[in-house]
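Report on the following structure.
The values are calculated or read from the model by the stated rules, or taken from the named source; none is laboratory data. Being a predicted model, the structure only gives us computed values, none of them experimental. Backbone-built Cβ (ideal geometry, glycine too); neighbour counts: all protein chains shown.
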Amino acid sequence: GEIKFNGTKVKGPDEQLIPGHPEMKMVTQDFSLNIYAKVYDNIASMLSNTDITAKQSKTMEMMERLHITKLKDKKVIELSGGEQQRVAIARALISNIKILLLDEPFSQVDSLLKNQLRADIKRLAKETGLTIILVSHDPADGLFLADQLLILKDGQLLQNDTPENTYQYPSTIYTAKILGNAVVLNQADAEQIGIKTAKQHVVFYPEWVEVKSSWNSRRFEVKEVYYKGFFDELVLERNGVIIRALQLNSGEHKKNDHVQANIGRFLEF
């Protein structure tokens, strides 16, 4: 295949000695930094020395944007994985690129730093108009960051849409399962819990299930309760069919309770 940027083919390794494009930069999982050089020097080295004052000013401005100014005199080898990642992103952005490619950018950071880094990347894209293409196995990254979300499986493009539409109207069972840990039932199991369908499968997200303490003949038994902080995940069973539901009032239902579960919406495949 080939890649085109603004209608022009991007030259591959057979056509130019050094691969890549001057208006594109990629931040890999290993960051490709000089670990024995200072943070400032790693970033500033991407700029020419024709105007030293402008070089210093631009380098400091980029470090401020990524909240790494306090690290400027530290060697990269002294930094955490998350800090190194910020340096790598700053190093890529300082060249006035049009496209930033990020390969699993949050794989080496803890959840607290991940949230901050996500927000920083989203802010940078909005402020600069930069196009960011991000590859991730964490659906939360795509749902939080993306303007356009592409779902790939085995090299095949399954869906290309906004995060909202992709989540609410997945085109495949695979998409629903990776984005929202969806419940998937075959036709026979769906009918066992009162869902009539002409299709082979019924799919719904746990948050689409409304759980009530009052129950009727279509009651479910609570088989397990998993505490998730501000909500519980309930494993429910009826007629041998297992489904999952979310309960916002944590602790309201216990194992072996009997409840009514109304599946307000479902998808058919």
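Just wondering, is there one or more residues in the stretch 159-168 that are assigned to a helix (DSSP H, G or I), surrounded by fewer than 18 Cβ atoms within 10 Å (Cβ to Cβ), under 11 Å from the mean Cα position of the chain (by Cα) and without any contact (Cβ under 8 Å) to a residue 60 or more places away in the chain?
Just the residues of the stretch 159-168 that are assigned to a helix (DSSP H, G or I), to begin with: 163-168.
Checking which are surrounded by fewer than 18 Cβ atoms within 10 Å (Cβ to Cβ) leaves us with 163-165, 168.
Next, only the ones that are under 11 Å from the mean Cα position of the chain (by Cα) stay: 163.
Remaining after also requiring without any contact (Cβ under 8 Å) to a residue 60 or more places away in the chain: 163.
The answer is yes, given that some residue of the stretch 159-168 is assigned to a helix (DSSP H, G or I), surrounded by fewer than 18 Cβ atoms within 10 Å (Cβ to Cβ), under 11 Å from the mean Cα position of the chain (by Cα) and without any contact (Cβ under 8 Å) to a residue 60 or more places away in the chain.
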Notebook entry, point to check: Quick one: would you say T131 is among the β-branched types (V, I, T) and over 26 Å from I89 (Cβ atoms)?
Noted result: no
Checklist line | Test set (1) exposed (fewer than 11 other Cβ atoms within 10 Å of the Cβ); (2) assigned by TED's automatic domain parsing to the domain that holds A119 - K4 fails condition number | finding: (2)
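A quick yes/no check of all residues on (1) closer than 24 Å to L101 by Cα; (2) surrounded by fewer than 17 Cβ atoms within 10 Å (Cβ to Cβ); (3) free of Cβ contacts under 8 Å to residues at least 12 places away in the same chain:
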position	(1), (2), (3)
K153	yes, yes, no
K196	no, yes, yes
V222	no, no, no
G229	no, yes, no
E233	no, yes, no
Checklist line | Criterion: among the acidic types (D, E), in the same structural domain as D257 (by TED's automatic domain parsing) and within 25 Å of N165 (Cα to Cα) - qualifying residue of E210, E224, E237, E191 | finding: E210
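Would you call I173 aliphatic (A, V, I, L, M), closer than 30 Å to K254 by Cα and out of contact with any helix residue (DSSP H, G or I) (no Cβ under 6 Å at 6 or more places or on another chain)?
no
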Note to self: Please go through (1) under 22 Å from P170 (Cβ atoms); (2) exposed (fewer than 12 other Cβ atoms within 10 Å of the Cβ) for G251 and return the number of the only condition it doesn't satisfy.
What the structure shows: (1)
Item checked: In the stretch 41-67, residue surrounded by the most Cβ atoms within 10 Å (Cβ to Cβ) [restricted to those that are touching a Leu at 6+ places or on another chain (Cβ under 9 Å) and without any contact (Cβ under 8 Å) to a residue 12 or more places away in the chain] -> K55
Margin query: Residue under question is H67, and the condition is that it be assigned by TED's automatic domain parsing to the domain that holds A119, at positive phi, modelled with pLDDT under 95 and under 29 Å from the mean Cα position of the chain (by Cα); does it hold?
Written below: yes
Next item on the list: Sort through L33, L93 and tell me the only one that's in the same structural domain as H137 (by TED's automatic domain parsing) and under 22 Å from G142 (Cβ atoms).
Entry: L93
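What residue, of K75, K38, is surrounded by 15 or more Cβ atoms within 10 Å (Cβ to Cβ), in the same structural domain as H21 (by TED's automatic domain parsing) and touching a residue at least 40 places away in the same chain (Cβ under 8 Å)? Walk me through it before giving the result.
Details: K38 fails: touching a residue at least 40 places away in the same chain (Cβ under 8 Å).
After ruling out the rest, the residue left standing is K75.
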Next item on the list: Mind counting the residues in the stretch 198-220 that are more than 20 Å from S250 (Cα to Cα) and exposed (fewer than 14 other Cβ atoms within 10 Å of the Cβ)?
Entry: 6
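Does any residue of the stretch 84-94 turn out to be surrounded by fewer than 15 Cβ atoms within 10 Å (Cβ to Cβ) and either part of a loop (DSSP other than H, G, I, E, B) or over 23 Å from the mean Cα position of the chain (by Cα) (or both)? Lay out the reasoning, then the answer.
In the first step, residues of the stretch 84-94 are kept if they are surrounded by fewer than 15 Cβ atoms within 10 Å (Cβ to Cβ); the result is none.
Taking every residue of the stretch 84-94 in turn, none turns out to be surrounded by fewer than 15 Cβ atoms within 10 Å (Cβ to Cβ) and either part of a loop (DSSP other than H, G, I, E, B) or over 23 Å from the mean Cα position of the chain (by Cα) (or both).
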